[in-house]
Every structure is written in C-alpha cells, then in structure tokens.
Amino acid sequence: MPLYELTAHELHEKLKAREITAVELTQSMYHRIGAVEEQIDGYLTLTEEGALESAAVADEGFQRGDEMPPLAGIPIAIKDVICTKGVLTTCGSKILGNFVSPYDATVMTKLHQQGAVMLGKTNMDEFAMGSSTENSAYQTTRNPWNLETIPGGSSGGSSAVVAAGAAICSLGSDTGGSIRQPAALCGVVGMKPTYGRVSRFGLVAFASSLDQIGPFSKDVTDCALVLNAICGHDPMDSTSADVPVPDFTKCLINDLEGVKIGIPKEYFTAGIDSEIEESVRSAIAVLQGAGATIEEVSLPHTDYAMATYYIIAPAEASANLARYDGVRYGFRATNADELGDMYRQTRSQGFGEEVKRRIMLGTYALSSGYYDAYYLKAQQVRTLIKSDFDDAFEKVDVVVTPTSPTAAFKIGERTADPLQMYLSDVLTTPANLAGLPGISIPCGLTSDDLPIGLQILAAPFEEEKILRAAYTFEQNTDHHRKRPKLSSK
Amino acid sequence: MMLVDFSIDIPSGEQNMASKYETVIGLEIHAELSTNSKLFCNCEVKFGSAANTQTCPICLGMPGVLPVMNQRAVEYSTRAALGLNCKIASYSKFDRKNYFYPDLPKGYQISQYDLPLAYDGYVDYELDGETKRVRINRIHLEEDAGKLVHADVTGNPNQSYVDFNRSCVPLLEIVSEPDLRSPEEAIAYWRAVKEILEYVEISDCNMEEGSFRCDANISLRPVGSKELGTRTELKNKNSFQHVLTALEYEEKRQARILDEGGEVIQETVLFDINTGRTASMRSKEEAHDYRYFPEPDLVPFEVDAAEVERIRASLPELPAERRQRFVAEYGIPAYDAEFLTATRQMADFFDETAHLSGDPKASSNWIMGDLSGLLNNAGIEIQDTQVTPDHLSELIQLINDQIISGKIAKSVLPDVFETGNPPKQIVDEKGLSQISDASAIESIVDQVIKENPGPAQDYRDGTQKAIGFLVGQVMKATRGKANPQMVNQLLQQKLSG
Amino acid sequence: MATITTDDVQHVATLARLEFNEEDIAEFTHQLARILDYIGKLNELDTTDVPPTSHPLTLRNVVKEDVAKSSYERDVVLDGAPSVEEGYFEVPKVIE
C-alpha cells in the first residue's frame, strides 16, 4: 500500500520501527501531491523546504530511539485561515494575497512541538464564508470523488487533500459546518471540537463566537490523535476553556452498550436527499447493533438555526473584517489619493462578492434601529437552540443526524443563489450556535458514488462520547476505507 | 471632512449672555492607566519611543489575534472609581465600537457600552471658596488608538503617518453629568479629578505626554429652563488653558447665535490656539453609527463585594479628606493645606515632618517656603530631593531648641539639599551652633555698647528701634551665631540698668 | 418581502467602506432583501424574557498579569506594510 494511503497511527509504527524515515514519507507525499494537485487543486501554498527540515528533525529523534509523539514526522496540511509564521496566509482572499504572518497560531506551535510536518496551506472559501470552496479568490478545489463537483466548504481544500491522499491529516475551521460538511462530501472524518477546546489565537476570525479549529483524517483514531495535539487551554485566548484534556485515544472502544443515541426528528425533513436518509438510518441500525439504544428526541428550534446563524455570523464578521483596510498589511488599492477612497477601493477590490454580501448583511443587522430586531433577536433564539440541546442531552448521550442534506453538487450549481448555498449548512449550524462538539464520518456512497456523512453531536466537552460512537461504527463497517479513484498523472 | 471656520468676531466683554443664558457643561475625561503593559497585549506602555517600536500583532490588529484583559487595568479602574465615589458594577462587559480610522487597527475599539465598570459617583471641588459637586454618570475602560501625525514627518502634505505605540494602551473614561455651569467650573472639576487620580496612583495624568485629556460638551439654555440646549463637543484637549479659552469662546459664540434667533448646530468643534477660535468639523458623512455589540473575544467581569472592599481599604487618604485633616489636626490654615496637598508626595512629606517634629506650623512654613524654593530652582519634585522629613524635622528641632537661629537654619537647608547630610552634621562641621552662653555674649555686648554710644543713648532716650542696630552689631561680631533673643535681652538689661 | 431599498444598501455600504456600481447595488439589494426575508422567520418566535447568548461558555474574569515583554522588532512589523515612511505607516491624507 502506498504510504499516502496509510493513517497517522499506522505511519507512526513504521517510523518508530524505522521501516521508513520521515523524510522519505514527506517526499512521497510531495510526489503524491504532484500527481493529484492538477486535478483537485487543493493547495494554495506548498512548503516543501520547511517540511523536509521538520522531517529531518523528526528523523533524528526516531534514530536516537527517543519517545516520539504520535504526530512526529506526520505530513499535515493546514487551512489557509490559520496563521503560519513566515508562510503566506491568504484566507483564500486577494486582500491578504501577500500577507506573510509574523507569528504562529497556537495550534501550529502545538503541532511543531509534536514534530509534525507541514506540507502546505490549503484552499478555502474566502474568509471561511461558503459551503463549496467556490468563493476562493484563487482557485476552485475539486472533489476527488468526482472532479466536476465541489468538495464542500469552507475547508474544501483541507478535506479534499486528505481524501485524495495528498495529506495524511489536515486542519480546518468550522463556523457553521465548514469542517463537517466538506468531510461528509469528501468521505473523510472531520471534527469540530467543543467551542473553547482549541485555541483560536492565530485563527483568522470569521465569527468569533462560533469559530473552532478541528482535524480532518481518514479514520477516527487519527482524529483523536490530532485532537490530543491541538486541544488545551491557551492564555492567549480569553474564550479558551480551562478544562483538562483527556487522552482521546482512550475512549476508542468498540462497544456502545449502555449508550443512548438520540435521533432528532427535525433533521430528517423533506429537504434531505432520500439516499442520504437511507444511509444514515442504516448507520443508526449499526450503532444499535453495537449495543446502543435509540430514542427519538426533538430539537424544536432547529428550523430557526439558519436564520439565527445568518445574522450572528455576518454581524461578527463585519467587525472582524474591518481591519482589512489597506493601512498596515495586505492589499492596498493603488491610485487612491484620499483616505476614504483608499478604504473603499481597497475593500471593494480586495474582497470577493460573498464576503461583501456578508459584511453588508452583518453591518445592516447591527446598524442603528436594527440591532434589536436582528442581532439581539438572533442571540435570544440562540439561547433557545442551545437549551433544546441541553434538554436532549439530559436524556441521551449523543445525537445522530445526517451531516449534509445533499451529496456533493456540481461546481457552479448553486453560485447564482446565495440563499440556496446557505441551506447546505442547515444540519451543521445548530451545533456551532450551541457550542457543541460534532463529527462527520463516512457512512456510505450515493448511487453516483458520492460520499455520505453521518454526524454525531454531544454535549459540551463530551468529545469522548462522540469518538466512541464513531469508532464503534468504523470498526463495524468499511466506509472509511473507501477511496476516490483518482488517475495518477 | 471639511473644516469650516466660523470667522465670528466676538467683541470682548460681552455681558448680555451672563444674565440671559445658563451655561451647561459636561466633561468626558480620558486618563491613560499607568500599567506596565498594554490593555490586551504585553507590549510596554512607554512614552516617547520611536514610532512603531512598542507594537506586536495584537495591538496592530493583525489577522487572527485576540485580546486578553490586563488584570492591573481592571484593578486600577476600580481604584479610580472608588476614589471618585462611584458604585462598582457587579457585572460588566465589553463591547465593540465600530468605525474606520487609520489609527484604529481593528476597525473597532474595544470599549464598554451599556454595562460599564462603574457608575453613579461624584466629585467635590473648590471654586472661589465654595464647595461644588459634580455627579459622575459612568466610568469605563477601553483601549486607546494609535497616533496620527501629519506633514511633520516628511513634509508631504498629501500623506498622514500612523504610529501604533499608543494603540491598546488602557484608557479610563470618566463621564460627568452636565452639572458644570461655567468654563471655570469645568477646569476646577477637571483639576480635582486629576488630583484624585494622582492620589490613587493609577495614572501619571501627564497632560504634555497626552496621558490625560478631555472632551467637553457645552450648551446654553435660557435661565430657568430645565431642558438642555443643543450642545457642541470640543474634542481631545490636553491643556487646562486651551479648554478654558475654547469653552469661553464657545459660550460667547452660542450666545451670539441664540441672541440672533438662530439655532446652535450639534457638531464637533476644534479649537485653534493661534486664532483663539473654534471651527466646526462638519463631516460630509453621516453621524457615526457605532453599531455597538458585545465583544465576543472577551468574557464578562463579575466583581464581588469583598473584592471591592479590599480595594477600597487599600486606597490612600484622598486629597479633600487630607486637607480637612490637616486643618483640623495640625491647625494650619486652609490655604496652606491646599498648597501642601498639591501632590500626594508633598502631603506625605508634610504629614511625616509635622509628626516627627511636633511642629506643624514650622513644618508647613519650611516646606512652602525655603524647600519649595530649592525644588523649583532645581526643577525637581519633592520625592526626588535628598532632603527627608527626618532632616527637616531635625532642622526645626535645632531652631526650637535654640541651637541655631532661624537665619542660620536658612543657610543650612541648601547644604542638606546639595549633600543629603543631616542638618546636625552640617551645623557641627561648620561650627554654626548658636552661642547661647550669656557669659560668652556679654563681653561682646559690652563692647558693642561701648563702641556705639549714639544708638545706645537713643535707646535710653526712648527710641525703641535703636536696639535693632545694636543687635545687628552683636550678630555681626559673632558672625550671626549669637542667640538673638539672648542678645536682645542682654542689651535691654545693660542699657536700662 | 423585507423592505430594503437601494438607499438603505448604499448607506450600509458607506458604513462598511464598500462601493458598488449601480448595477451591483440593484443586485445586492435584491439578494439582501431575499436573505432578510428568510431571516424574518425569527419573528415567529416569542423571545420575551429570553436572555441573549453572547458567549457559548460561561467564563468570567479571564485576565493576564501586567508584565511588559519585548515588542516585535519594527522591521518585522513594517514588513509587508503597503506604504512605510520613516518608521511610520503611511496613508493618504486624513483631514482633521
């Protein structure tokens, strides 16, 4: 089996046994990248020199027989929304087209501490705003399962490269589903941790009260390993939770005896593709077979989550993106002799349409006379959505739903209608609003051979329950072993 | 933004406004907190560094950065609020104030909107012998912006330049109710606040360095009216004189408009020290819509009553209280108390000297007189001199014990000031002790009387003041060391005998 | 349909320092109106006395110690700035 098809935990064994070196592994990843990038266009920036340096350092440790962390020497891709010191960080936008971050995000420091190898920065919807990665100012990433379809978004690049074997694991960010939805559409594992589990310091902000960084991987064990590496309280982030981080690999047991699974009826409505519903119901049966009890629950405010999200996220984003004004870094419009013109031209030329649309929406929702009707109202409904989940988790351990109402759609299919695009996130946004952890794992393919994702949610800081259920499912099925057929160059 | 010059000539001495209109002024005072590091990052707070050398990604508003609250800033804010007699909010939060300006790196300022740290306070101040009270509406904590400078950098009039050293420095904003009724009151209140903030040691209140400034709102209304008139806002002034002059001008300008039946336009005005006038900053754009919303990157603050009491207990005696105590306890006049409490350090110095020497009157005289003279000449503050309360107390005791005369003491103090040596040591080294031994002086007295028969006779004939000349002669002969009272006594004895 | 006019949109664009040509303004107005219409469904809910959620976690009083550490080197800070002059960030004239 080619190295790029292995998981991090499998590769760790090989590195430890010195069957392979980290440098060899990294080189073979770049070879794979070379073979598939033209087809999927997942990367914006490759950092081969730095990667080989990190790999060499890891090799020294392995050679000495040191106790090496699980991610040492493992090639990882990073969504371009995460600040990487000395490396371009564009957020998929022209306005940061030349921005080289002078500092590392906390998660990067943590990965470096483990000796992980950064392959490069991946493509994304501009400033994480989108559900298809079509809003990138640079390139369209293609779903490895069908190159005419989208990989999902906004972390489309990070998801596609893992699916295509062009990275062993990757990091993405999830504000309304931007890890889970692309994971579902690309047939990989994608997890959004509880809000506050992973430091946001160095994560270029989209919606501050919703954003979280999380892993993409080929299996649940790798997901747990990356979580172990990136979770933890950070004094540089005031919203970082000061709770102990368990060893997430310890909960990976193949058994759901005594576990109660809640199925929310509001997530199985008419808008869900029938093949997806079927696949998810089969998955639930598998979980039942492993010992779980199934219970119907109700999350009555589910239908209002999208509207809530599309006020709160753009409102916070409109303020978070005000710093892109051409004064201190990034793009500045030429030919503007007056300050006001400089601002307007820089921002109008530097931002893409979707970003502008959301800035406008957010500014409107916060503006004088509208704050109560929109922003305040949305924050109140958010309380109701959260309390729906609080009630549900009194009764059940995890909630299981489809991740996305449809499988990957064609490139260009929804770009004409923003509202239509927004509805891709209808099943994922509630978890962000409530701050809950959630995973998407592959649970089948459509008749068009497009991946289907199963979403598992839990109460805050109960990732272990999610991982256990996900792991059990994985151990009893082989969906996670399926790979897209990509022609090698 | 357009600058429209009013070009209104206000004849001096216009009196009609004084009877027709009541002036209403409110102040928003900004004080930079004297913390070591900035409000949300660990850059040092230091005035006068080269541009952009005290910055980091956080205070520059780079992508991905986050704020973390400086603990001491919260504590200092609470201290200030208690010093200003405010209630401390048990729950407060931060908000984003959104607007675009080159000195504002994030395109929003982290400030406090509806739930500030403190509210409902007051400050008492003195003006023309009367005690007046100004209510404080609220006090909140926010970050400062960078500094925008203009053509002075390269001389190019089409550019402006931004220095972010000041960005994210903690700023306390103190908002008064519109209780002030004249420009003089406004300045007196502002001074009183400065004094309190200096006393609780949370800000340098250095106006030259820009760490202490104010915005003033002024409006006029017919005498007897309860409604507020339309106000204008005078922004970011850091000079008492400028604000006084600007407010006086605005007062007259608004009166003139109202007299002519016009309406005052609500706007921001700028004061030009050169022309002595205000000019409107009429903007082409709409009034600011700050779109305040709760800051998602900072969590709310809850303060418990015990913590507030702990901070209250750690506050020093405030200036007004101290002045009252000085008058009551030491029996010094109010004027002296005022002088001696000008700074906390001077008040401490006086307090200790009075306590050690047991002679508050003398302590105050020496501090207000000779010591202040020496400090002023050297251009230093009382906390920087080598003279200590121990020294001064010793000096006072030497006089009271008649070891040296007051006059000799005046020459000893400068030595203490220069060398830091105790007065006793200087007196001994220079042999300045008074001669208080009658037998030693007697012979000199006899000699002087013998050599000056004229004045001696004048005195015997009834010219009292002739003795002064003779005393002088004795003092000269003893090089100032004779005990003057004793000399006087002996002369009187011998001349009347 | 939510009533948002092109004037409203222009006003919001001004607040956000964005500019659009006439065609785009019309398009944006239409799109925003549709989105606001969708968002309007929140009015179906009675939220009287429901407290707003600004933060998903109930953290309080997160602070850092008041310790000054060295700042970034000016070269690093100014590197990548669109326009620099004598150690300052240069911008087109601001009228004050």
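The values are calculated or read from the model by the stated rules, or taken from the named source; none is laboratory data. What you see is a predicted model, and the numbers here were worked out from it, not measured in a lab. Cβ coordinates were reconstructed from backbone atoms using ideal geometry, including for glycine residues, and neighbour counts include every protein chain displayed. SASA here: full protein model, heavy atoms, side chains in, ligands and nucleic acids out. Shrake-Rupley method; radii C 1.70, N 1.55, O 1.52, S 1.80 Å.
Within region A:190-200, can one find any residue that is away from chain C (no Cβ under 14 Å) and out of contact with any Lys or Arg (no Cβ under 9 Å at 6 or more places or on another chain)? No, the conditions are met nowhere in region A:190-200.
Are any of the residues in region C:68-79 under 22 Å from the mean Cα position of the chain (by Cα) and polar (S, T, N, Q)? Spell out the reasoning first.
Taking region C:68-79 and keeping what is under 22 Å from the mean Cα position of the chain (by Cα), we get none.
Scanning region C:68-79 turns up no residue that is under 22 Å from the mean Cα position of the chain (by Cα) and polar (S, T, N, Q).
Can you confirm whether region B:289-301 contains a residue that is open to solvent by less than 50 Å² (accessible area, probe 1.4 Å), in contact with a Leu (Cβ under 9 Å, 6 or more places away or on another chain), over 30 Å from A:Ser238 (Cβ atoms) and not hydroxyl-bearing (Ser, Thr, Tyr)? No, that holds for no residue. Within region A:325-350, the residues that satisfy the criterion of being of a type outside the set (S, T, N, Q) and open to solvent by less than 10 Å² (accessible area, probe 1.4 Å) are A:Asp325, A:Gly326, A:Val327, A:Arg328, A:Gly330, A:Ala333, A:Met342, A:Tyr343, A:Arg347, A:Gly350. From the list C:Asp37, C:Asp66, C:Asp46, the one residue that fits, being more than 7 Å from chain A (Cβ to nearest Cβ) and open to solvent by 80 Å² or more (accessible area, probe 1.4 Å), is C:Asp46.
Taking the criterion of being over 19 Å from the mean Cα position of the chain (by Cα) and among the aliphatic types (A, V, I, L, M), the residues of region C:1-24 that qualify are C:Met1, C:Ala2, C:Ile4.
Residues are listed down the side, and each one gets a yes or a no for (1) open to solvent by 70 Å² or more (accessible area, probe 1.4 Å); (2) closer than 30 Å to B:Leu356 by Cβ; (3) small (Gly, Ala, Ser):
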residue	(1), (2), (3)
B:Gln397	yes, yes, no
B:Lys407	yes, yes, no
B:Leu413	no, yes, no
B:Ile449	no, no, no
B:Gly454	no, no, yes
B:Arg460	yes, no, no
B:Thr463	no, no, no
B:Ala482	no, yes, yes
B:Leu491	no, no, no
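Being on the phi < 0 side of the Ramachandran plot, open to solvent by less than 40 Å² (accessible area, probe 1.4 Å), in the same structural domain as B:Pro300 (by TED's automatic domain parsing) and in contact (Cβ under 8 Å) with a residue 24 or more places away in the chain is a description that does not apply to B:Asp124. A:Ser240 meets all of the listed conditions (1) within 14 Å of chain B (Cβ to nearest Cβ); (2) in contact (Cβ under 8 Å) with a residue 60 or more places away in the chain but one, namely (2).
For every residue, the table says whether it meets (1) within 14 Å of chain A (Cβ to nearest Cβ); (2) in contact (Cβ under 8 Å) with a residue 60 or more places away in the chain; (3) hydroxyl-bearing (Ser, Thr, Tyr).
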{"residue": "B:Pro294", "(1), (2), (3)": "yes, yes, no"}
{"residue": "B:Arg312", "(1), (2), (3)": "no, yes, no"}
{"residue": "B:Gly331", "(1), (2), (3)": "no, no, no"}
{"residue": "B:Phe350", "(1), (2), (3)": "no, no, no"}
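Taking region B:77-101 on its own, how many of its residues are assigned to a loop (DSSP other than H, G, I, E, B) and touching a helix residue (DSSP H, G or I) at 6+ places or on another chain (Cβ under 7 Å)?
Residues in region B:77-101 being assigned to a loop (DSSP other than H, G, I, E, B) and touching a helix residue (DSSP H, G or I) at 6+ places or on another chain (Cβ under 7 Å): 2 in total.
Taking each residue of region B:35-53 that is within 7 Å of chain C (Cβ to nearest Cβ) and of a type in the set (Asp, Glu) and looking for partners that are buried (at least 22 other Cβ atoms within 10 Å of the Cβ) and not in a loop (DSSP other than H, G, I, E, B) with beta-carbon atoms closer than 7 Å, six or more apart or interchain, yields B:Glu44/B:Ser37.
So that you can scan it fast, the table gives a plain yes or no per residue for (1) away from chain B (no Cβ under 14 Å); (2) basic (Lys, Arg); (3) surrounded by fewer than 24 Cβ atoms within 10 Å (Cβ to Cβ):
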| position | (1), (2), (3) |
| --- | --- |
| A:Leu46 | yes, no, yes |
| A:Ala58 | yes, no, no |
| A:Ile82 | no, no, no |
| A:Ser93 | no, no, no |
| A:Ser101 | no, no, no |
| A:Thr106 | no, no, no |
| A:Lys110 | yes, yes, yes |
| A:Gly115 | yes, no, yes |
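Quick check: anything in region A:414-431 free of Cβ contacts under 8 Å to residues at least 12 places away in the same chain and either over 25 Å from A:Ile40 (Cα atoms) or of a type in the set (Phe, Trp, Tyr) (or both)? Let's see the steps before the verdict.
Our first condition is that a residue be free of Cβ contacts under 8 Å to residues at least 12 places away in the same chain; within region A:414-431, this holds for A:416-417, A:419-420.
From what is left, the residues that are either over 25 Å from A:Ile40 (Cα atoms) or of a type in the set (Phe, Trp, Tyr) (or both) are A:419.
For region A:414-431, residues free of Cβ contacts under 8 Å to residues at least 12 places away in the same chain and either over 25 Å from A:Ile40 (Cα atoms) or of a type in the set (Phe, Trp, Tyr) (or both): present.
Looking only at strands (runs of 3 or more DSSP E) that lie completely in region B:145-185, which have at least 2 residues being open to solvent by less than 10 Å² (accessible area, probe 1.4 Å), assigned by TED's automatic domain parsing to the domain that holds B:Gly129 and in contact (Cβ under 8 Å) with a residue 24 or more places away in the chain? Once the strands (runs of 3 or more DSSP E) in region B:145-185 are filtered for at least 2 residues that are open to solvent by less than 10 Å² (accessible area, probe 1.4 Å), assigned by TED's automatic domain parsing to the domain that holds B:Gly129 and in contact (Cβ under 8 Å) with a residue 24 or more places away in the chain, what remains is B:159-163, B:170-176. Scanning region A:334-344 for residues that are facing chain C (nearest Cβ under 7 Å) and of a type outside the set (D, E, K, R) gives A:Ala336, A:Leu339, A:Met342, A:Tyr343.
Just one of the numbered conditions (1) free of Cβ contacts under 8 Å to residues at least 24 places away in the same chain; (2) of a type in the set (Gly, Ala, Ser); (3) within 30 Å of B:Gln383 (Cβ to Cβ) is not true of B:Ala466; which one? The number of the failed condition is (3). Counting only strands (runs of 3 or more DSSP E) wholly contained in region B:198-278, the ones carrying 2 or more residues that are modelled with pLDDT under 90 occupy B:232-237, B:267-272.
Going through (1) crowded, with 24+ Cβ neighbours inside 10 Å; (2) part of a helix (DSSP H, G or I); (3) touching a strand residue (DSSP E or B) at 6+ places or on another chain (Cβ under 7 Å) one by one, A:Ile359 falls short only on (3). Within region A:88-128, being in contact with a Pro (Cβ under 9 Å, 6 or more places away or on another chain) and among the aromatic types (Phe, Trp, Tyr) holds for A:Phe99, A:Tyr103.
Quick grid of which residues meet (1) facing another protein chain (nearest Cβ under 7 Å); (2) on the phi < 0 side of the Ramachandran plot:
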site	(1), (2)
C:Thr6	no, yes
C:His30	no, yes
C:Thr53	yes, yes
C:Gly80	yes, no
C:Phe89	yes, yes
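Can you tell me which residue within region B:105-120, out of those that are farther than 19 Å from B:Leu33 by Cα and not basic (Lys, Arg), is surrounded by the most Cβ atoms within 10 Å (Cβ to Cβ)? If we take residues in region B:105-120 being farther than 19 Å from B:Leu33 by Cα and not basic (Lys, Arg), then B:Pro105 is surrounded by the most Cβ atoms within 10 Å (Cβ to Cβ).
Considering each residue of region A:272-290, count those that are over 23 Å from the mean Cα position of the chain (by Cα) and outside any helix (DSSP H, G or I), and give that number. Give the derivation first.
First pass over region A:272-290, keeping only residues over 23 Å from the mean Cα position of the chain (by Cα): A:274-275, A:278, A:281-282, A:284-290.
Now narrow it down to the ones that are outside any helix (DSSP H, G or I): A:290.
Count: 1.
Inspect all residues belonging to region A:311-318 and state whether any of them is open to solvent by 10 Å² or more (accessible area, probe 1.4 Å), at pLDDT 95 or above, in a helix (DSSP H, G or I) and closer than 27 Å to A:Pro402 by Cβ. Taking every residue of region A:311-318 in turn, none turns out to be open to solvent by 10 Å² or more (accessible area, probe 1.4 Å), at pLDDT 95 or above, in a helix (DSSP H, G or I) and closer than 27 Å to A:Pro402 by Cβ. The single condition among (1) more than 16 Å from B:Asn98 (Cα to Cα); (2) free of Cβ contacts under 8 Å to residues at least 24 places away in the same chain; (3) within 9 Å of chain B (Cβ to nearest Cβ); (4) open to solvent by 10 Å² or more (accessible area, probe 1.4 Å) that A:Ser368 does not satisfy is (1).
Take A:Ile452 and tell me if it is open to solvent by 10 Å² or more (accessible area, probe 1.4 Å) and touching an Asp or Glu at 6+ places or on another chain (Cβ under 8 Å). Spell out the reasoning first.
On the way: open to solvent by 10 Å² or more (accessible area, probe 1.4 Å): no; touching an Asp or Glu at 6+ places or on another chain (Cβ under 8 Å): yes.
Spelling it out, it is not the case that A:Ile452 is open to solvent by 10 Å² or more (accessible area, probe 1.4 Å) and touching an Asp or Glu at 6+ places or on another chain (Cβ under 8 Å).
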